[in-house]
Each structure stands twice: as C-alpha cells, then as structure tokens.
1. Leaving out ligands, DNA and RNA, what percent of the accessible area of the range 6-114 is carbon and sulfur, probe 1.4 Å?
2. So if I place +1 on the C-beta of Lys and Arg and -1 on the C-beta of Asp and Glu, and nothing else carries charge, what would the dipole magnitude of the range 5-146 be about its Cα centre? I want it in debye, nearest 20.
3. If the only charges are +1 at each Lys and Arg Cβ and -1 at each Asp and Glu Cβ, what is the size of the charge dipole of the range 17-85 around the Cα centre, to the nearest 20 debye?
4. From the phi angles alone, apply the Karplus equation (6.51, -1.76, 1.60; θ = phi - 60°) to the range 31-40 and give each ³J(HN,Hα) in whole Hz, x where the residue is Gly or Pro.
5. Can you list the residues, at least 5 places off or on another chain, whose amide H is less than 5 Å from the amide H of residue 66, using H built in the peptide plane?
6. Which ³J(HN,Hα) values, rounded to whole Hz and listed in residue order, are derived for the range 113-130 from phi using the Karplus coefficients 6.51, -1.76 and 1.60 in 6.51 cos²θ - 1.76 cosθ + 1.60 with θ = phi - 60°, glycine and proline given as x?
7. Name the residue farthest towards the positive end of the dipole of the range 15-148 from the options 132, 111, 59, assuming +1 on Cβ of Lys and Arg, -1 on Cβ of Asp and Glu, about the Cα centre.
8. Ordering 90, 23 from largest to smallest accessible area (1.4 angstrom probe), what's the sequence?
Amino acid sequence: MAVALGWGEWLNWRWSRTLVGHSGGVSEAVVVLGYRNPQPTANFINRWRVRAALRSISAGNGRDTRVIFSGGANGTGAAEAQLMADYAKSVLGFDGTVFLEDQSRTTWENVMNVIPLLEDVDRIKIASQPAHALKARAYLRRQRPDLAERLVLADDYRPGEWLIVKPLLAPYGLWTLRNIKDGERKISL
C-alpha cells in the first residue's frame, strides 16, 4: 500500500512541474478547467479546482490576477464556468477579477477558448488535477507556443492531498497523457 501511495504522490508531483517555466512580470491569469457538472451547483471536483486556483494566486498579486473559469453547460443546467465562479464568489468570498469562458466542452476547447483572455498577461497558471493541467499545458504549447512560454507552476499539487485517490487516478492520468505531444516529441512522463 505504501508503494502505491508513494507512486501516486510522485507522479502527481512530477506532472504538476512538467511544461512550466519561471516567467516573470506582474500580471497573471489562473485558468480553472471545469469538470462534468450537470447539477445546479459546483460539484466536488469543481469546488476543489476553484480552491486550488485561488490558492495559486501569487501573494500580494490579487489585483493583477485574473481568474478564468472555463467550461460550458453540461446537460440542461448552467455552464460549469458560471457554477465555479459563483462558488468562488459566494462561498469562498473571492472578490478579484473573474472572466468566464462558457462554451467549451473538452480540454482542447477550454484551452482554445481562453487564449484571447491570456494574450496580455505575463504569467499563466492552469489549475486542475496535475495530469489534467499537464494535458492543458501541452495543448497550449500546440495551439500557441508563444503563450506557453508564460506557463508557471500553479498550486494544484500538495503532498498528501487526495492521498488515497492519487494511486487510483494515476493509471488514468498515464493513459490520458500517453499520446500527447509537445510539438513533435512525446512528453516525458
């Protein structure tokens, strides 16, 4: 059991640090990727992603940070982006700058649709589970390599967080990431 827990922890740590740099500057965007949300309020996973995004805001930089919630409607309810923004504001008390991208249905579309909102920021953080965030970073590198140079570490990995679940999610993350390429070469996992 300890080996499985350590393996899941290590993979998530590694994924969280892949395809990120150390871009400088003042302004930043934190992109929050939605997850299947057919209910009228943010589900458990989306609530966690919002918390990870808000803790990713650089200390003292709240006024120069925009949080971009990305995700379209799933079913007949409101868009995931709106549900996450509502949670951030009404439950967590976030009063910073918020942008909504409410048309996407896939991770590729999440990235494609937030690009116009990233053009003028110095640093870009993508908040999700580490394997999913890595997938989005790889997609940004494919769609806009110039913007991908601005990717920096988000605070979506913490040791021990989701400890029991990480070994269960790790095979899915490996399967999801197996064919993603950074340009013409596969991402080293």
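The values are calculated or read from the model by the stated rules, or taken from the named source; none is laboratory data. These numbers come from a predicted model, not from an experiment. Cβ: placed from backbone, ideal geometry, glycine included. Neighbour counts: every protein chain shown. Protein only, heavy atoms only, side chains kept; ligands, DNA and RNA dropped before computing areas. Shrake-Rupley method; radii C 1.70, N 1.55, O 1.52, S 1.80 Å.
1. 53
2. Values: 18 positive and 13 negative charges, 102 e Å.
Roughly 480 debye for the range 5-146.
3. On the way: 8 positive and 3 negative charges, 40 e Å.
Value, rounded to 20: 200 debye.
4. Here the 3J(HN,Hα) series is 9, 10, 8, x, 9, 2, 9, x, 8, x Hz.
5. 28, 29, 30
6. Computed from phi, the couplings for the range 113-130 are 7, 8, 3, x, 8, 10, 3, 10, 9, 7, 10, 10, 10, 10, 9, 6, 4, x Hz.
7. 132
8. On the way: 90 95, 23 35 Å².
In descending accessible area the options line up as 90, 23.
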